[in-house]
Amino acid sequence: MQCHTIPLVVYSLLCKLKYLECHRKKKQKKKKGRAWYAILGTKSQVHHEPPGIIRQLCKLHVYSSTYPKINSRRASQYFYPSLLVSLYHISESHHVNLKNTSLVFPVSMLKFDFKNINKLSLVCINITNQYRIKDIGFTVQFLLLDKLEAGFTKLQNSDSKSLLKKHLTKEIFDALKTKKSGFGCSLLDVIQSGVENLDSGVGIYAPDAESYTLFGDLFDPIIDDYHGGFKKTDKHPPKDFGDVDTLGNLDPTGEYIVSTRVRCGRSLDGYPFNPCLTEAQYKEMEDKVSSTLSGLEGELKGTFYPLTGMSKEVQQKLIDDHFLFKEGDRFLQAANACRFWPTGRGIYHNDAKTFLVWCNEEDHLRIISMQMGGDLGQVYRRLVTAVNDIEKRLPFSHHDRFGFLTFCPTNLGTTIRASVHIKVPKLAANKAKLEEVAGKFNLQVRGTRGEHTEAEGGIYDISNKRRLGLTEYQAVKEMHDGIAELIKIEKEL
């Protein structure tokens, strides 16, 4: 079986459509005339491809031992970043009369199990056989709304503690459920991770930059709630890394802090977020990032390792160093953040293994500075140097109100996450007290391996929670002061 550039779910739908059409024609052998065929395909974003390639849309060559070959034909319209269904009126001589009846199915619309794929296929075939072309768009919209309504009901009937459930009222849901962004993203793309994973803390992602404003009635209160009071009228301050020399070592004796890490996320200017990226864009971004990082000098100089075609030796080395990120967890999977994996993904680290860059994991870039011990000042200084150097070579996406844009709204603004792996056994024995102190300084307490994990050996990952509405320096200083207070209390217990 061979299937070029189309996901398995699309292949399944194509096969089913062809099978049903052939089955219909067998029943009507004596009847001659025309029949409608549904052809699906994908293409790269227009703005990032040369004109010659733009005109050469993907041809579909699908082979199967069960279903007959589906002949390829050029589509009549361009589409991005979704999947297009073009209905062709084909005569017995195979002359194609292209109709203006192309339909766009958002990626989230095609994320069905096989039962739902069959249902969608049957709907398309039944309508096309009856030549009721104008009703197809309505049918697709109905299926989308039906899934949205089911998801909303599931969420409201659950005991979820997510910010999504808290702020997605019936009024807001009704106001947003029919909206779509320029990339074809719907409310379903925004909330589906939180609906599928009811244990989410937040529950929403922005599939593209426009979603932050288009679905602002939902994003704004969640952003306000999470970031501690960022109102609709508030504006994120300009970038300010502050005086790095004012931050020192939080644990000179090494009794409590195992390691310190500061990272930030960046989105490349001119590209959408993961759910909307094409395979060609992933490759293009990887090339740009690799080329940019190869120009780093001094302490930051290192090597870039693409995930595609990675040897077992290199893979094991990165695993041993705890550098190799895996395909997204169930939360990111549900948000369609792992398309075309591992294309376009890569890892860079310096020779000392204290500086790391992830390419196209959750965000376009994750820039990380880290080392053993509690010297926050040294770790932060390295990050600031790297970010300023990379930004000179690679432009980042920035919003006047939200600051630096990211896939998850929890990382907006500074995108800074300053964290320590810390041992506080006495405080850990009283988890309520630990959470109380953490809350006072807007700190987030997570398991040893990050969000949705448990503490191993009594070691917690504690970081600043607020990233929006304050400067980079203020975000790191908030974490600095909170960790200092935790160590002080631990000593007193």
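Each row is one residue, and each column tells you yes or no for (1) surrounded by fewer than 17 Cβ atoms within 10 Å (Cβ to Cβ); (2) farther than 23 Å from L187 by Cα; (3) of a type in the set (F, W, Y); (4) over 13 Å from the mean Cα position of the chain (by Cα).
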residue: D321; (1), (2), (3), (4): yes, yes, no, yes
residue: E327; (1), (2), (3), (4): yes, yes, no, no
residue: A335; (1), (2), (3), (4): no, no, no, no
residue: G346; (1), (2), (3), (4): no, yes, no, yes
residue: V357; (1), (2), (3), (4): no, yes, no, yes
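Summed over the range 223-245, the residues that are within 23 Å of I191 (Cβ to Cβ) and assigned to a loop (DSSP other than H, G, I, E, B) give a count of 5. Among the conditions (1) under 26 Å from the mean Cα position of the chain (by Cα); (2) assigned to a helix (DSSP H, G or I), E490 misses just one, which is (1). Note on the range 331-447: enclosed helices (runs of 4 or more DSSP H) holding 2 or more residues that are closer than 30 Å to T213 by Cβ, modelled with pLDDT of 95 or more and touching a Ser or Thr at 6+ places or on another chain (Cβ under 8 Å) are 376-393. Take the residues of the range 298-310 that are of a type outside the set (D, E) and in a helix (DSSP H, G or I): which is farthest from E391 (Cα to Cα)? So the residue we want is G298.
Could you check, for the range 289-297, whether at least one of its residues is assigned to a loop (DSSP other than H, G, I, E, B), more than 26 Å from I462 (Cβ to Cβ) and either aromatic (F, W, Y) or without any contact (Cβ under 8 Å) to a residue 24 or more places away in the chain (or both)?
Yes; the residues of the range 289-297 include at least one that is assigned to a loop (DSSP other than H, G, I, E, B), more than 26 Å from I462 (Cβ to Cβ) and either aromatic (F, W, Y) or without any contact (Cβ under 8 Å) to a residue 24 or more places away in the chain (or both).
Residues considered: N274, N249. Of these, the only one that is in contact (Cβ under 8 Å) with a residue 60 or more places away in the chain and within 23 Å of the chain's Cα centre (by Cα) is N274. Is it the case, given these coordinates, that K423 is among the charged types (D, E, K, R), more than 21 Å from F241 (Cβ to Cβ) and in contact (Cβ under 8 Å) with a residue 24 or more places away in the chain? Considered against the rule, which asks whether it is among the charged types (D, E, K, R), more than 21 Å from F241 (Cβ to Cβ) and in contact (Cβ under 8 Å) with a residue 24 or more places away in the chain, K423 comes out as yes. Taken over the range 337-390, the criterion of being of a type in the set (S, T, Y), in contact (Cβ under 8 Å) with a residue 60 or more places away in the chain, out of contact with any Lys or Arg (no Cβ under 6 Å at 6 or more places or on another chain) and within 13 Å of T260 (Cα to Cα) is satisfied by Y380 alone.
Within the range 170-222, count every residue that is surrounded by 23 or more Cβ atoms within 10 Å (Cβ to Cβ) and part of a helix (DSSP H, G or I). Of the residues in that region, 10 qualify.
The values are calculated or read from the model by the stated rules, or taken from the named source; none is laboratory data. Predicted, not measured: the structure shown is a model, and the values here were computed from it. Because the Cβ atoms are built from the backbone with ideal geometry, glycine has one as well, and the counts that use them run over all protein chains shown.
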